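Written below as structure tokens is the structure these notes are about.
The values are calculated or read from the model by the stated rules, or taken from the named source; none is laboratory data. Predicted, not measured: the structure shown is a model, and the values here were computed from it. Note that we place each Cβ from the backbone using ideal geometry, even for glycine, and neighbour counts take in every protein chain shown. SASA here: full protein model, heavy atoms, side chains in, ligands and nucleic acids out. Shrake-Rupley method; radii C 1.70, N 1.55, O 1.52, S 1.80 Å.
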Amino acid sequence: MILFTFSSCSGIIIFVLSPIDSLSPIDRVSPIDRELFIMEELLKVLEDVTDEVDFTKEEHLIDDGLLTSFDILQIISALDDAYGISIPASEIVPKNFNSAKAMLALVNRLQQEG
């Protein structure tokens, strides 16, 4: 299957033919599906750290004491490895680790700043 894309620059239209198979799975989905895909990947990373917490439902992981300081260190290391980011000490605060959504927002922000 071939994907047709075009761009216009200075009135010139350029068509690019590229095999759709060359696109990664995440590039083939809508922005909403993309966010869900990324969240699923994050949940896998978190569950590899600890399977004792339901990261899909919990919104107060730190505040409710569901994660230990050792869990947080493991999560930081796993996020660094999985997403190629470096989490600075200034970002290691409860609001960034209280939920999977908060961690996803942190990862996205650090990747954009990156």
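Values as computed for the structure displayed
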{"read-out": "Selection within the range 56-73 - within 20 Å of ARG109 (Cα to Cα) and out of contact with any Phe, Trp or Tyr (no Cβ under 9 Å at 6 or more places or on another chain)", "value": "GLU59, LEU73"}
{"read-out": "Selection within the range 26-54 - open to solvent by less than 70 Å² (accessible area, probe 1.4 Å), modelled with pLDDT of 90 or more and out of contact with any Asp or Glu (no Cβ under 7 Å at 6 or more places or on another chain)", "value": "MET39, GLU41, LEU42, LEU43, VAL45, LEU46, VAL53, ASP54"}
{"read-out": "Any pair with Cβ under 7 angstrom, 6 or more apart, that starts in the range 76-104 at a residue that is part of a helix (DSSP H, G or I) and ends at one that is among the small types (Gly, Ala, Ser) and surrounded by fewer than 15 Cβ atoms within 10 Å (Cβ to Cβ)", "value": "ASP80/SER86"}
{"read-out": "The range 64-92: number of residues that are surrounded by 12 or more Cβ atoms within 10 Å (Cβ to Cβ) and farther than 16 Å from MET39 by Cβ", "value": "13"}
{"read-out": "Matching residues in the range 87-114 - criterion: being under 18 Å from LYS44 (Cα atoms) and β-branched (Val, Ile, Thr)", "value": "VAL107"}
{"read-out": "Residue list for the range 62-86, restricted to those being more than 13 Å from LEU46 (Cβ to Cβ) and of a type in the set (S, T, N, Q)", "value": "THR68, SER69, SER86"}
